[in-house]
Amino acid sequence: MSKIIVNQIESSDGTTDVLNTLSAVSVAGGSITGAGMGQVLQVVSATIDTVSTTTSVTLTNTAITANITPSSSSSKILVQASVTSSTDSSENNIPAFGLRRDTTDIGLSTTASGSRKNAMTGPGGEKDNFLGNCSMTHLDSPSTTSQTSYYVTFAARSGYTTQINQTGNDTNAAYTWTGSSTITLMEIAG
């Protein structure tokens, strides 16, 4: 095994001791540990298989939620969600999904107005036996060291129903399905 030992690494102009400005990083057993920026500090994940439905035209919290307590106020939280969803028997409903930190919607469109400011639309224009998937990713800056809750939110077109984790026509028949949804939170050193 080779080893490099140095006392100092300077920038090309000789004014900066590069070695002393780097965060300590060690490589052991194929993994990297240390306190450098961009490092994943913790991961929290939840899988939910309960059924949720809504007829609300505004984004409403689902049961797809997880909590994280950032170790530093400069940390960022990478939020990833995968939602299994369906609609009622109409082909005219297009489900809407979003992400929320505590009571603040995050990752929404900045150009749309009102209830159209969802983060992602789910499977729509399908019959009630269709079960699809919607995935969302958002890098958030909560600027806190307090416990923070993240939610997947959902909405429906006026007069219609959006469902999570089961088909709109859940008859327990061989052609209908159920599913699960996940949310994963990763604290990234800032």
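The values are calculated or read from the model by the stated rules, or taken from the named source; none is laboratory data. Just so it is clear, the structure is predicted and the values come from calculations on it, not from any experiment. Please note: Cβ atoms are built from the backbone with ideal geometry, for glycine as well, and neighbour counts cover all protein chains shown.
Within the range 2-20, identify whether any single residue is out of contact with any helix residue (DSSP H, G or I) (no Cβ under 8 Å at 6 or more places or on another chain), at pLDDT 90 or above and not in a loop (DSSP other than H, G, I, E, B), and answer yes or no.
No - not one qualifying residue is present in the range 2-20.
Kindly check whether there is at least one residue in the range 83-98 that is farther than 18 Å from residue 180 by Cβ, modelled with pLDDT of 90 or more and assigned to a strand (DSSP E or B).
Looking for residues that are farther than 18 Å from residue 180 by Cβ, modelled with pLDDT of 90 or more and assigned to a strand (DSSP E or B), one finds at least one in the range 83-98, hence yes.
Any residue in the range 144-167 that is under 22 Å from residue 71 (Cβ atoms) sitting within a Cβ distance under 6 Å of a residue that is not in a strand (DSSP E or B)? List the pairs, counting only those 6 or more apart or interchain.
Qualifying pairs under 6 Å: 144/73; 145/70; 145/73; 147/69; 148/142; 149/102.
Out of all the residues in the range 118-141, is one or more at pLDDT below 95, assigned to a loop (DSSP other than H, G, I, E, B), of a type in the set (S, T, N, Q) and surrounded by 17 or more Cβ atoms within 10 Å (Cβ to Cβ)?
There is at least one residue in the range 118-141 that is at pLDDT below 95, assigned to a loop (DSSP other than H, G, I, E, B), of a type in the set (S, T, N, Q) and surrounded by 17 or more Cβ atoms within 10 Å (Cβ to Cβ).
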